[in-house]
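So the structure is just underneath, and the comments pick up after that.
The values are calculated or read from the model by the stated rules, or taken from the named source; none is laboratory data. Because the structure is predicted, anything quoted here is derived from the model rather than measured. Here the Cβ positions follow ideal geometry from the backbone for every residue, glycine too, while neighbour counts run over all protein chains shown. Remember, those area values only see protein heavy atoms, side chains included, never the ligands or the DNA or RNA. Shrake-Rupley method; radii C 1.70, N 1.55, O 1.52, S 1.80 Å.
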Amino acid sequence: QVQLVESGGDLVQPGGSLRLFCSASGSISSIYAMGWYRQAPGKQRELVARVTNGGTTNYVDSVKGRFTISSISRDNAKNTAYLQMNSLKPEDTAVYYCNARTLDWGIELDYWGQGTQVTVSS
């Protein structure tokens, strides 16, 4: 089991910046990737950014060049993920969820945080 706790969501004006934090605890040695998803009202949850243990990152096209994901590893396992969000736009408004993906005995599982609200508005 992995527990995730997020923080950092807030109300910010367009063009502003925020940094989201996600701390993982529990069976972190089985985590091989951490990421951030978001869900806006009336829309499906979408992947925003992900980073693997090997350092590979991927981003949804709409945030490339504005958002940066990073992580801190302990004992070769990721336990903290950050999402630096710059040049925020109103369309970035959503609940942001931290995700940890684990692999144990060939079984892949996803764990989720409780979500943190990001609102971009003047």
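TYR37: accessible area at probe 1.4 Å, nearest 10 Å²? The value for TYR37 is about 30 Å². With contacts taken as Cα pairs under 8 Å and at least 6 residues apart, the chain reaches a relative contact order of 36 percent. Largest first, the residues LYS89, LYS64 sort by 1.4 Å accessible area into LYS64, LYS89.
About its Cα centre, the dipole of the chain is roughly 200 debye, where the only charges are +1 on Lys and Arg Cβ and -1 on Asp and Glu Cβ.
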